[in-house]
Amino acid sequence: MQPYAPAPDLDVPDVTTRLLVRVAGWAVLAIGGAIALLLALDPVGQSTSRILFNLGAGLVGGLALVLARLRHWRLAAHLLVWGVWCFVTLVTVRNGGLHGPNLLNYPVLIVLSGWMLGGRATVVLVAITGMLFGLFFWAEAQGWMPQVPRGSRWAHGVYLAGILVLTAAATLLSRRNYMQRVQEAQRTAHELAASESQLRKLLRAVEQSPESIVITDLQERIEYVNEAFVQRTGYVRQEVLGHAAALFSSKGMEAAQRQGLRETLASGKVWAGEQTNQRKDGAPLAESVVVAPIRQTDGSISHYVEYRQDITERKRAAQEIHRLARHDALTGLPNRAMLVEHLHGLQERADGSPATLHALLLLDLDRFTVFNDARGSEMGDRLLCAMALRLSHQLPAEGMLVRVAGDEFALVLHGLGDDAPLAGRRALAFADQVQAALGQPLRLQGDAGPIQWTASVGITLYPQGPEDQAHDALRRASMALHRAKAVGGGQLAFFEQEMGQAAEQRFQLERELRQAIGAGELRLFLQSQVDMQGRTTGAEVLVRWQHPRDGLVMPGVFIAVAESSDLIVLLGRWVLEQACALLANPALAQQRVRLSVNLSARQFRQPGFVQELRALLERTGADPALLTLEVTEGLVIEDFDDVVAKMRELAALGVEFSLDDFGTGYSSLAYLKRLPIQEIKIDRSFVRDACTNADDGALVEAILSVARHFGLRVVAEGVETEEQASYLRERSSAIICQGFLYCRPQPQEDWLQRLT
């Protein structure tokens with residue numbers, strides 16, 4: 001649709017024509033008036049007609065100026081040309097026709113007519129003038145033309161000057177107009193060249209765009225498609241140009257979507273969406289489409305342009321990402337996220353209907369980490385795939401198999417009925433069947449021989465009520481699996497309510513203990529260590545928890561929880577800080593009383609433990625020689641060289657080490673001779689029965705012999721009776737005793753008061 005353009009005003013000529021009308025009007029007025037005046041004043045005397053004719057011509061010029069003033073330019077131009085022509089003709093006839101002096105007027109009038117009236121009027125003027133000249137020739141031949149009268153020299157001079165001035169003015173104005181038009185033409189040509197270059201650039205950009213571009217008219221007929229459209233759809237241009245866009249560029253658009261497109265475009269807005277079109281060969285083509293109106297300068301819409309981006313690969317990639325997000329990349333099985341979604345679906349279907357129970361089994365391959373380390377990750381992956389295949393063969397048609405993580409799988413059995421005991425028996429029977437299948441000999445590609453495998457299985461029923469959620473079922477199955485693994489490989493464990501209660505209590509205890517460390521609820525207790533003369537030579541530092549609700553909590557309740565988490569590091573750091581602060585007490589420094597602090601393996605393996613303890617000793621002013629760190633055999637054996645290096649670094653400061661519970665572990669003498677220790681502790685289990693049990697007595701004597709050989713102090717724990725003390729005293733006079741016989745663990749304040 002072309003924009004509306006108003007028709008030009010025919011009575012408003014260009015600037016040059018208007019100037020010529022004014023100049024010619026003034027010239028005719030001046031020349032005609034001047035000649036008439038000179039003729040009237042000629043002493044010889046001139047005819048009245050000649051005076052009137054020139055005066056009439058001057059009046060024509062004046063009237064033309066009036067019309068120009070009134071902006072009737074075309075009427076003024078016609079009056080000038082034809083009016084002057086008429087008076088010039090009368091003067092020419094009066095002055096002798098072809099032999100008179102007035103013929104110069106006609107060429108000037110023709111020039112003025114060409115600029116002011118245009119080609120048609122000028123042709124008419126030339127024709128009439130030619131006919132007039134022919135008439136003059138004929139009249140002269142007949143002898144009808146009068147003789148040339150004697151004229152006034154001054155009038156003739158004015159006439160010639162006026163003609164020259166008018167001719168020069170018309171010529172110069174015409175030249176100026178011509179030069180302006182030449183400049184405008186050059187400027188227009190330059191602008192057109194620039195526009196053409198820009199248009200070529202835009203055309204190349206559109207034609208070479210990687211996105212399909214389609215231009216349609218307002219009736220949705222295709223007027224243009226670029227090369228990307230041709231390559232992408234398989235159609236050639238001749239097959240689509242002039243046809244409806246619905247047949248090609250928007251074939252995959254549904255009726256409702258197309259109606260929405262039309263309504264959006266009708267409102268002058270841009271439409272965007274996705275659709276699946278078809279190539280010429282019928283292959284699907286997913287595209288992201290933007291359709292925008294093309295507006296003219298006046299704002300009217302003439303066409304629509306469609307921008308089409310091929311998103312087939314992107315959608316395929318999105319589908320693959322979605323699949324990978326819900327499936328395991330190694331085995332192709334559903335993953336944990338899909339398992340949770342599936343369990344949620346089972347719960348939703350159970351709402352408002354009779355409770356149908358399902359079973360969730362978590363299965364963990366025994367010793368898989370050992371196999372993976374020994375054979376490599378590639379063989380480990382092959383084993384996992386083989387186990388996944390065996391499990392899938394055991395799975396009922398309505399079941400679900402999931403790889404949860406690592407070597408852990410999950411199986412869901414559906415529709416076990418509403419009787420919980422019966423459903424549990426069915427789940428256990430299926431678990432036995434699965435374990436038997438996994439236990440069959442298996443030969444992996446690239447492995448030397450067949451292997452047999454076992455798995456631990458944890459089982460729970462689901463749902464166990466309207467509020468039971470997927471994460472609850474997973475938690476129960478996980479606790480059951482941990483119970484099965486704890487009692488050995490290849491075992492089954494069914495979730496029992498006591499498991500959940502114990503786990504909840506453990507979790508609650510860990511959370512409260514974490515708060516207690518920062519809230520100042522811990523208390524430092526000490527148990528004295530006494531030599532055979534009854535003198536207090538040291539004390540073991542112990543910790544108690546002053547619970548705001550439960551009162552004083554013994555370490556047996558919370559130490560195990562702390563050791564299974566990072567809390568043991570925080571707890572050990574607190575005990576060390578309190579012990580060093582106590583060592584700075586003058587009473588301990590004067591009496592040279594030692595404090596023994598139990599050190600956990602996790603705390604000792606902290607990267608900055610040595611630097612942290614050194615800074616603590618410097619900050620508190622404690623004497624390192626009065627601090628004994630008790631370590632266990634398990635800590636020493638694991639990463640022996642690193643442990644010894646740290647112990648030697650601390651021993652250089654004066655800190656001493658005691659090997660706790662000596663004799664209960666490996667008790668390797670090869671390790672013992674390399675350790676920078678100054679003390680060993682006899683475990684209370686040996687001390688308790690040493691008097692009555694020959695084996696325990698022999699162990700105690702062996703430990704004392706080792707200590708004498710290596711020059712180590714010996715501390716006997718758990719001395720509770722005089723018989724035990726006498727037994728130890730008889731075998732070593734240097735032994736130090738620790739137990740209820742001498743002192744029970746006391747709060748820090750009470751123990752310090754007793755010492756002083």
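The values are calculated or read from the model by the stated rules, or taken from the named source; none is laboratory data. All figures in this text were calculated on a predicted structure; none of them were measured in a lab. As a convention, Cβ positions derive from the backbone with ideal geometry for all residues, glycine included, and neighbour counts pool all protein chains shown.
Test Leu324 against the stated conditions and say whether it is at pLDDT 90 or above and either of a type outside the set (Ser, Thr, Tyr) or in the same structural domain as Gln231 (by TED's automatic domain parsing) (or both).
no
Looking only at residues that are hydrophobic (A, V, I, L, M, F, W, C) and closer than 13 Å to Phe662 by Cβ in the range 683-706, which one is surrounded by the most Cβ atoms within 10 Å (Cβ to Cβ)? Before you say what the answer is, go through the steps one by one.
Going through the range 683-706, the residues hydrophobic (A, V, I, L, M, F, W, C) turn out to be 686-687, 690-691, 694, 698-700, 702-704, 706.
Add one more test, that the residue is closer than 13 Å to Phe662 by Cβ, and what stays is 686-687, 699-700, 702-704, 706.
Numbers: Phe686: 24, Val687: 24, Leu699: 21, Val700: 26, Ala702: 13, Ile703: 22, Leu704: 20, Val706: 18.
For the range 683-706, the residue satisfying everything is Val700.
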If you go through Gly538, Gly518, Gly534, the only one that is in the same structural domain as Ala587 (by TED's automatic domain parsing), among the small types (Gly, Ala, Ser), closer than 28 Å to Leu728 by Cα and not in a strand (DSSP E or B) is Gly534
If we keep only residues of the range 552-567 that are within 22 Å of Gln746 (Cα to Cα) and among the β-branched types (Val, Ile, Thr), then the residue surrounded by the most Cβ atoms within 10 Å (Cβ to Cβ) is Val553
| query | Quick check, is Gly130 farther than 20 Å from Leu164 by Cα, free of Cβ contacts under 8 Å to residues at least 60 places away in the same chain and surrounded by fewer than 16 Cβ atoms within 10 Å (Cβ to Cβ)? | reply | yes
Of the residues in the range 390-414 that are among the hydrophobic types (A, V, I, L, M, F, W, C) and over 38 Å from the mean Cα position of the chain (by Cα), the one that is surrounded by the fewest Cβ atoms within 10 Å (Cβ to Cβ) is Ala397
Residues of the range 33-52 being within 18 Å of Asn105 (Cα to Cα) and modelled with pLDDT of 80 or more, in sequence order, are Gly33, Ala34, Leu52
For Ala397, the lone unmet condition from (1) touching a residue at least 24 places away in the same chain (Cβ under 8 Å); (2) over 22 Å from Asp366 (Cβ atoms); (3) in a loop (DSSP other than H, G, I, E, B) is (1)
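Which ranges mark the helices (runs of 4 or more DSSP H) fully within the range 209-285 that have 2 or more residues being without any contact (Cβ under 8 Å) to a residue 12 or more places away in the chain, over 13 Å from Val305 (Cβ atoms) and within 34 Å of the chain's Cα centre (by Cα)? Steps first, please.
Values: elements: 227-233, 237-240, 255-266.
Output list reads 227-233, 255-266.
Tell me, which residue of the range 592-606 that is part of a loop (DSSP other than H, G, I, E, B) and hydrophobic (A, V, I, L, M, F, W, C) is nearest to Ala539 (Cα to Cα)? First the steps, then the outcome.
Initial filter on the range 592-606 (part of a loop (DSSP other than H, G, I, E, B)): 592-593, 599-600, 605-606.
Among the residues that remain, those that are also hydrophobic (A, V, I, L, M, F, W, C) are: 593, 599.
Numbers: Val593: 8, Leu599: 15 Å.
Restricting to residues being part of a loop (DSSP other than H, G, I, E, B) and hydrophobic (A, V, I, L, M, F, W, C), the top hit is Val593.
Do the conditions hold for Leu635, that is, is it closer than 25 Å to Ile736 by Cβ and touching a residue at least 40 places away in the same chain (Cβ under 8 Å)?
On the way: closer than 25 Å to Ile736 by Cβ: yes; touching a residue at least 40 places away in the same chain (Cβ under 8 Å): no.
Spelling it out, it is not the case that Leu635 is closer than 25 Å to Ile736 by Cβ and touching a residue at least 40 places away in the same chain (Cβ under 8 Å).
A quick yes/no check of all residues on (1) surrounded by fewer than 11 Cβ atoms within 10 Å (Cβ to Cβ); (2) over 30 Å from Arg237 (Cα atoms):
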position: Met179; (1), (2): yes, yes
position: Arg187; (1), (2): yes, yes
position: Ala194; (1), (2): yes, no
position: Ser197; (1), (2): yes, no
position: Leu203; (1), (2): no, no
position: Val206; (1), (2): no, no
